[in-house]
Amino acid sequence: MVTTPHVLKALTIGCLIQLFQQLAGVNTIMYYTGHIIQSAGIKDKHVTIWISLGISSANFFGTFIPLALVERFGRRVLLLLSVGMTVVVLILMGVGFLLINKDSADALQLGAISGTHPYLQTCIEMSNCDFCVTNEHCGFCHQGSNTDPGNCDFCVTNEHCGFCHQGSNRDPGYCLPVDLEGDTDVSVLGPCASGFNTTVFNFAYGFCATKYTIMPIVLMVVYLAFFAMGFAPLTWVLNAEFYPLWARGVGCSLSTAFNWIGDLIIALTFLTLTEAITKYGAFFLYAGFTVVAFLFIYFLVPETKGITIEEVELLFMSKKSRRRARSELRAQEAQRIRSLSKGNTVAPITS
């Protein structure tokens, strides 16, 4: 394959569109739906499961859209529409988590406290609830009488922290460490430690409830619907059409490998990304990758609707090679017609 220039070009394009499909973050949504729903502010696990089911159904029903449209509008149009709308929704997802961050409860500076913990300093340095609960080692303990800056979102961004608060989830509180191998409904130390007065304090682990809670959840449904209408199936369709028969097995296998490489990159880095560049930063990053994918498809991916296998090969050739190949195809077709007119049986044209 690599010694045939036009097949190598087709392989490169096929592998990259498979990689870009994963860099759009789809399996972040699929694998971490529950985590994202919780991060948006839904605490009840049963509610989270039912919402996850509803979100996943958008992916299922969205796959029926290209069945009706792909032969009418072609691969490129549907793919570009899907990728373009995926960019828009990813940006809106980032905006949604940014609004949650800005709207979450403030984190207070913790005064003297008895006891030590490896993640105590990490947690108390979080500036808000959202950053706090994004770290699995932290939780947010709310107390309503203070108005110091910072908020819950920064606290829960760290898995080692939780947010301890008094009153509503909008009241300021403390970002405190939790025991990942124990009870994450309480902090290891501080005002929300085991046995704390639940009528005075509340402890938030993994989420911060805000007035923007519903936004990322709705956008995940929209994201999967637009992704499923083009970006999901058409990368596979195009790879099946790009290669001549003799190279199709290897070409599809290699492009599939790139898809799984992208899947591993996204799946293994999402939680780390949310702590390093925040949840909204992760989705803005995915949006950036998808913008590059849109430009790549617009300039380099050809339309294959209604084109024969031989003609698809021509799409990836240089102008000189294309002219020579077309001449050969015309000569073969003329020979075939002459043979048929004489009543002879001939083999079909092969590339």
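The values are calculated or read from the model by the stated rules, or taken from the named source; none is laboratory data. What you see is a predicted model, and the numbers here were worked out from it, not measured in a lab. Don't worry about glycine lacking a Cβ; one is built from the backbone with ideal geometry, like all the others, and counts go over all protein chains shown.
Among the candidates 16, 53, single out the residue that is assigned by TED's automatic domain parsing to the domain that holds residue 260, in contact (Cβ under 8 Å) with a residue 12 or more places away in the chain, out of contact with any Cys (no Cβ under 9 Å at 6 or more places or on another chain) and part of a helix (DSSP H, G or I). It would help to see each step written out before you state the result.
On the way: 53 fails: in contact (Cβ under 8 Å) with a residue 12 or more places away in the chain.
After ruling out the rest, the residue left standing is 16.
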inquiry  = I'd like the residue in the range 113-126 that is out of contact with any Gly (no Cβ under 6 Å at 6 or more places or on another chain) and assigned to a loop (DSSP other than H, G, I, E, B) and, out of all such residues, is modelled with the lowest pLDDT.
reply    = 114
One residue from 8, 67, 90 being assigned to a helix (DSSP H, G or I) and touching a residue at least 60 places away in the same chain (Cβ under 8 Å) = 90
ask   = Of everything in the range 22-38 that's of a type outside the set (A, V, I, L, M) and outside any helix (DSSP H, G or I), which residue is surrounded by the most Cβ atoms within 10 Å (Cβ to Cβ)?
value = 25
remark   = Cβ pairs under 6 Å, 6+ apart or interchain, first in the range 310-339 and more than 18 Å from residue 245 (Cα to Cα), second assigned to a helix (DSSP H, G or I) and at pLDDT 85 or above, ordered by first then second residue, are 322/314
ask   = If you go through the range 77-89 one residue at a time, do you hit one that is under 22 Å from residue 270 (Cα atoms) and either out of contact with any helix residue (DSSP H, G or I) (no Cβ under 7 Å at 6 or more places or on another chain) or of a type in the set (S, T, N, Q) (or both)?
value = yes
ask   = Can you name the number of the only condition in (1) farther than 29 Å from residue 306 by Cβ; (2) not in a helix (DSSP H, G or I); (3) not basic (Lys, Arg) that residue 1 fails?
value = (1)
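Residue under question is residue 60, and the condition is that it be surrounded by fewer than 18 Cβ atoms within 10 Å (Cβ to Cβ), within 17 Å of the chain's Cα centre (by Cα) and modelled with pLDDT of 85 or more; does it hold?
Working: surrounded by fewer than 18 Cβ atoms within 10 Å (Cβ to Cβ): yes; within 17 Å of the chain's Cα centre (by Cα): yes; modelled with pLDDT of 85 or more: yes.
The answer is yes for residue 60.
Condition check ((1) more than 17 Å from residue 273 (Cβ to Cβ); (2) modelled with pLDDT under 80; (3) in contact with a Cys (Cβ under 8 Å, 6 or more places away or on another chain)) across all residues:
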{"residue": "128", "(1), (2), (3)": "yes, no, yes"}
{"residue": "143", "(1), (2), (3)": "yes, yes, yes"}
{"residue": "148", "(1), (2), (3)": "yes, yes, no"}
{"residue": "155", "(1), (2), (3)": "yes, yes, yes"}
{"residue": "159", "(1), (2), (3)": "no, yes, yes"}
{"residue": "171", "(1), (2), (3)": "yes, yes, no"}
query = Hey, among the residues in the range 73-96 that are farther than 13 Å from residue 217 by Cα and small (Gly, Ala, Ser), which one's surrounded by the most Cβ atoms within 10 Å (Cβ to Cβ)?
reply = 82
note = In the set 138, 164, the lone residue that is of a type outside the set (Ser, Thr, Tyr), within 22 Å of residue 37 (Cα to Cα), modelled with pLDDT under 80 and part of a strand (DSSP E or B) is 164
query = So which residues in the range 312-351 are hydrophobic (A, V, I, L, M, F, W, C), surrounded by 14 or more Cβ atoms within 10 Å (Cβ to Cβ) and modelled with pLDDT of 80 or more, if there are any at all?
reply = 312, 314, 315, 316, 317
ask   = Which residues, taken from the range 178-215, are closer than 21 Å to residue 127 by Cβ and either among the acidic types (Asp, Glu) or within 29 Å of the chain's Cα centre (by Cα) (or both)?
value = 178, 204, 205, 206, 207, 208, 209, 210, 211, 212, 213
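For (1) out of contact with any helix residue (DSSP H, G or I) (no Cβ under 6 Å at 6 or more places or on another chain); (2) polar (S, T, N, Q), each residue gets a yes or a no:
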residue	(1), (2)
19	no, no
24	no, no
42	no, no
49	yes, no
57	yes, yes
67	yes, no
